[in-house]
1. Scan segment 261-271 residue by residue and report those that are surrounded by fewer than 18 Cβ atoms within 10 Å (Cβ to Cβ) and either within 15 Å of the ligand (Cβ to nearest atom) or on the phi > 0 side of the Ramachandran plot (or both).
2. Looking only at segment 46-65, which residues are more than 19 Å from the chain's Cα centre (by Cα) and not aliphatic (A, V, I, L, M)?
3. Answer with yes or no whether MET383 is at pLDDT 95 or above, within 14 Å of the ligand (Cβ to nearest atom) and buried (at least 19 other Cβ atoms within 10 Å of the Cβ).
4. Is it the case that segment 304-312 has a residue that's within 16 Å of the ligand (Cβ to nearest atom) and in a loop (DSSP other than H, G, I, E, B)?
5. Return the total of residues in segment 319-363 being assigned to a loop (DSSP other than H, G, I, E, B) and on the phi > 0 side of the Ramachandran plot.
6. Please enumerate the residues belonging to segment 232-260 that are within 12 Å of the ligand (Cβ to nearest atom) and at pLDDT 95 or above.
7. Considering only residues that are buried (at least 17 other Cβ atoms within 10 Å of the Cβ) and either over 23 Å from ARG390 (Cα atoms) or away from the ligand (no atom under 16 Å from the Cβ) (or both), which ones fall in segment 327-339?
8. Among the residues of segment 169-182, what is the count of those that are in contact with a helix residue (DSSP H, G or I) (Cβ under 7 Å, 6 or more places away or on another chain), assigned to a helix (DSSP H, G or I) and not hydrophobic (A, V, I, L, M, F, W, C)?
Amino acid sequence: MTESLNHVACYPIHREHIFDPPEALTRWAEQAPIHPLTFPDGHEGWLVTGYAAVREILADRRFSARPELVHSPFFDRIERDPQRQEGFFIRMDPPEHTRYRRLLAGEFTVRRMMRLEPRIKEIVTEHLDRMELAGPPVDLVQAFALPIPSLVICELLGVPYADREKFQRDSATMLDLESTPEQVQAAVDDLLAYLGDLVTRKREHPEDDLLSVIAPKLTLEEAAGVGLLLLVAGHETTANMLGLGTLALLSNPDQLAVLRGDAELIGNAVEELLRYLTIVQIGLARAALEDVEIAGTRIRAGQTVLLMLPTANRDPERFPGGDALDLTRPAHGHLAFGHGIHQCLGQQLARLEMRIAYPALFERFPGLRLAVPVAEIPLRTSMVVYGVHRLPVTW
Ligand code: HEM
């Protein structure tokens, strides 16, 4: 972590152990589920660390996700023009939010995702073939973890994968906590312009993809905003689960052995990896629309709450012994995909990709291991989505 980030963060973000939330944050969580917090702009808000309290707030309509209402712990204040946020429904409340969810829900059902299964398998195999041909060592992030979800979301949306350098760079800027608000806005504008052109082309020549489905039903700006959200959320997250999840399995050989011995376990194993790693590491921000009492604490109208998924998913009351990775634990009910109306739209796709990719990787390379000492692996401490920047492996 760099000095600059240390300076702006108003709650502990430095991790002592790769897979665990910051120790100081864990100590806060042990003391109470909710804590008063002074934001960099002077706002008096709250940090919520307990499972039950986080879940309760995410399900409560008296909390808003609108950017003009919430305070940010990283920028003095996120106050972007709502006109330029069209289609970005992760930051909307009902009824605007509902309109987008309804439009997209049918495109992301389990059944719809299962239709993608053969193509995802093919993509995974192609990347494993390439890795094998290149020979060890390889950076697993560049060779496997990043390109697979990236290619899948591109095909689903109808975004040319050849343009990946652009959108991978812009989305990295958007998700880097060290980017300035101006840099984030420039990356957003750049991607919106790109997606706007693409949506215009899809309107003229519709293809068999998601952007072509939504293009005629939304304004150009709205469709580009939806495309932006799906493109960014759709590849960075799953990519980091694949990278960090592989590292977690290599670091817990007993658990890897359990998984190898029981192919049926993969569904639960993926849930447990999602819980244990909880890669969305910054607090989900919501603003109270009226006074609300949570866990015996009165949150006043206008106050921002930051909901810490990593500590919530380690809460011993909900997941006893949760600091250990246990692929056989009943891990359902974890909050790694959020909860309530904004719960991850792409969760079935992410699950499918992981259920295919992890077993295929370990089957192809039974001797997979790290090519460098663990201490040399660069961690994504200053990113919205945690994970590893690189993962040198050999076999
Ligand atoms: C929302 C996590 C994969 C699209 C969310 C939220 C979380 C999350 C925590 C809730 C945010 C909030 O309440 O403020 C993850 C994780 C993933 C993943 C851990 C991978 C392992 C995906 C994929 C897609 C996607 C593959 C797209 C295809 C979205 C969208 C939302 C969302 C569109 C906003 C939903 C709404 O506001 O209604 N995700 N996500 N995510 N995710 Fe994911």
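The values are calculated or read from the model by the stated rules, or taken from the named source; none is laboratory data. A quick note: this is a predicted structure, and the numbers were derived from the prediction, not measured. With ideal geometry, Cβ positions are generated from the backbone for all residues, glycine too; neighbour counts draw on all protein chains shown.
1. ILE266, GLY267
2. Once the filter is applied, which keeps residues that are more than 19 Å from the chain's Cα centre (by Cα) and not aliphatic (A, V, I, L, M), segment 46-65 yields TRP46, GLY50, GLU56, ASP60, ARG61, ARG62, PHE63, SER64.
3. On the way: at pLDDT 95 or above: no; within 14 Å of the ligand (Cβ to nearest atom): yes; buried (at least 19 other Cβ atoms within 10 Å of the Cβ): yes.
In short, no.
4. So in segment 304-312, the residues within 16 Å of the ligand (Cβ to nearest atom) come out as 304-312.
Going one step further and asking which of them are in a loop (DSSP other than H, G, I, E, B), we end up with 308.
Yes, there is a match, as at least one residue in segment 304-312 is within 16 Å of the ligand (Cβ to nearest atom) and in a loop (DSSP other than H, G, I, E, B).
5. Quick first cut of segment 319-363, residues assigned to a loop (DSSP other than H, G, I, E, B) only: 319-339, 343-346.
Among the residues that remain, those that are also on the phi > 0 side of the Ramachandran plot are: 321, 333, 338.
Of the residues in segment 319-363, 3 are assigned to a loop (DSSP other than H, G, I, E, B) and on the phi > 0 side of the Ramachandran plot.
6. First pass over segment 232-260, keeping only residues within 12 Å of the ligand (Cβ to nearest atom): 232-245.
Matches in segment 232-260: THR237, THR238, ALA239, ASN240, MET241, LEU242, GLY243, LEU244, GLY245.
7. Restricting attention to segment 327-339, the residues satisfying the condition of being buried (at least 17 other Cβ atoms within 10 Å of the Cβ) are 327, 329, 331, 334-339.
Of everything in segment 327-339, those that are buried (at least 17 other Cβ atoms within 10 Å of the Cβ) and either over 23 Å from ARG390 (Cα atoms) or away from the ligand (no atom under 16 Å from the Cβ) (or both) turn out to be LEU327, ARG329, ALA331, HIS334, LEU335, PHE337, GLY338, HIS339.
8. Residues of segment 169-182 that are in contact with a helix residue (DSSP H, G or I) (Cβ under 7 Å, 6 or more places away or on another chain), as a first pass: 170-171, 173-175, 177-179.
Imposing the further condition that a residue be assigned to a helix (DSSP H, G or I) reduces the set to 170-171, 173-174.
Going one step further and asking which of them are not hydrophobic (A, V, I, L, M, F, W, C), we end up with 170-171, 173.
The total comes to 3.
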